[in-house]
1. Take every Cα pair under 8 Å in the chain that's 6+ residues apart, average their separations, divide by the length, and report that relative contact order as a whole percent.
2. Residue 34 versus residue 54, label points 7 Å from Cα toward the beta carbon: distance in nm?
3. State the Cα centre-to-centre distance between segment 46-65 and segment 1-42 in whole Å.
4. Accessible area of the chain with a 1.4 Å probe: how many percent of it is carbon plus sulfur?
5. Only sites in a loop by DSSP and with at most 11 other Cβ atoms within 10 Å count here; which chymotrypsin sites (Phe, Trp or Tyr not before Pro) in the chain make the cut?
6. Which residue, chosen from 8, 32, 59, occupies the Cα position most advanced towards the positive end of the dipole of the chain, where the dipole is computed from +1 (Lys, Arg) and -1 (Asp, Glu) charges on Cβ about the Cα centre?
7. Can you work out the accessible area per residue across the chain, with the rest of the protein chains kept in place, probe 1.4 Å, in square angstrom?
8. Considering just Cα atoms, how many Å³ per residue does the convex hull of the chain enclose?
Amino acid sequence: MSESRKLIENWIAAFVAKDLDAVMDCYADDAVNWQVAAGESAIGKEQIRRDLGEFFRGFPDSYST
């Protein structure tokens with residue numbers, strides 16, 4: 001299995017589990033997360049962590065496949 005595929009599988013498993021720490025382990029320190037619905041990019045792990053934590057609280061039934 002490629003490293004890229006393993007990373008995506010780890011991200012999906014962590015997202016489904018709402019395991020914020022495990023999701024964040026999938027991001028580089030200088031990552032940029034661009035979500036169309038959010039309007040502005042989240043730049044860096046700290047902002048991505050805050051945004052994703054708010055997302056999990058706002059949409060507790062969300063999932064990814």
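1. Computed value for the chain: 29 percent relative contact order.
2. 2.0
3. 11
4. Details: 2580 of 4900 Å².
Using a 1.4 Å probe with all protein chains present, the chain comes out at 53 percent carbon and sulfur.
5. 34, 63
6. 59
7. 75
8. Convex hull of Cα atoms, per residue: 91 Å³.
The values are calculated or read from the model by the stated rules, or taken from the named source; none is laboratory data. Since we're looking at a predicted model, the values are computed, not measured. Note that each Cβ is placed from the backbone with ideal geometry, even for glycine, and that neighbours are counted across all protein chains shown. These accessible areas exclude ligands, DNA and RNA; they are computed on the full protein's heavy atoms, side chains included. Shrake-Rupley method; radii C 1.70, N 1.55, O 1.52, S 1.80 Å.
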